[in-house]
């Protein structure tokens, strides 16, 4: 195990994987490229504290969390009608109300979950990863991943049945 992380080598090897993950979550090439820069900037800042055990898992998780944070930020700022520069320009809105309602419900349910649980849910439901693949990516056992998903599904079902307010 190396004592430090070679960020340049990681960038060369893992940037395409990080970019694919970010593009899948953010659905924009430009936003994905910005997110990749954020991931590797965070890696540089934290490189002395991080271990070099599972770099692909670490970067996949960092990419997922970075994208989740960007999506949350974008949602908060789109609700106010301000663009990133705060100039008050209305953002385009998806007019498919069923799609919007479903998206808001999912975002609301996930908003109360930990970063780890949100990442696991995205990997399982959006990426179609197996429990084993998620376990390896997150550094968890298969039973730990399964328990997180089962617990999440129970809480989500309760929120839906109770008509939890958005």
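Return the only residue of 25, 17 being modelled with pLDDT of 90 or more and under 19 Å from the mean Cα position of the chain (by Cα).
17
For the stretch 53-61, check the following and say yes or no: at least one residue is over 25 Å from residue 110 (Cα atoms), out of contact with any helix residue (DSSP H, G or I) (no Cβ under 6 Å at 6 or more places or on another chain) and not in a helix (DSSP H, G or I).
yes
Have a look at 122, 152 and point out the one that is modelled with pLDDT under 85, assigned to a helix (DSSP H, G or I) and touching a helix residue (DSSP H, G or I) at 6+ places or on another chain (Cβ under 7 Å).
122
Looking at residue 94, is it modelled with pLDDT under 60 and touching a helix residue (DSSP H, G or I) at 6+ places or on another chain (Cβ under 8 Å)?
Yes; evaluated as a whole, the condition is true for this residue.
Pull up the stretch 125-149, narrow it to residues that are in contact (Cβ under 8 Å) with a residue 40 or more places away in the chain and part of a helix (DSSP H, G or I), then point me to the one that is farthest from the chain's Cα centre (by Cα).
Out of the qualifying residues, it is 136.
Given 79, 2, 12, which one is more than 22 Å from residue 119 (Cα to Cα), surrounded by fewer than 15 Cβ atoms within 10 Å (Cβ to Cβ) and at pLDDT 75 or above?
After applying the criteria, what remains is 12.
The values are calculated or read from the model by the stated rules, or taken from the named source; none is laboratory data. What you see is a predicted model, and the numbers here were worked out from it, not measured in a lab. Note that each Cβ is placed from the backbone with ideal geometry, even for glycine, and that neighbours are counted across all protein chains shown.
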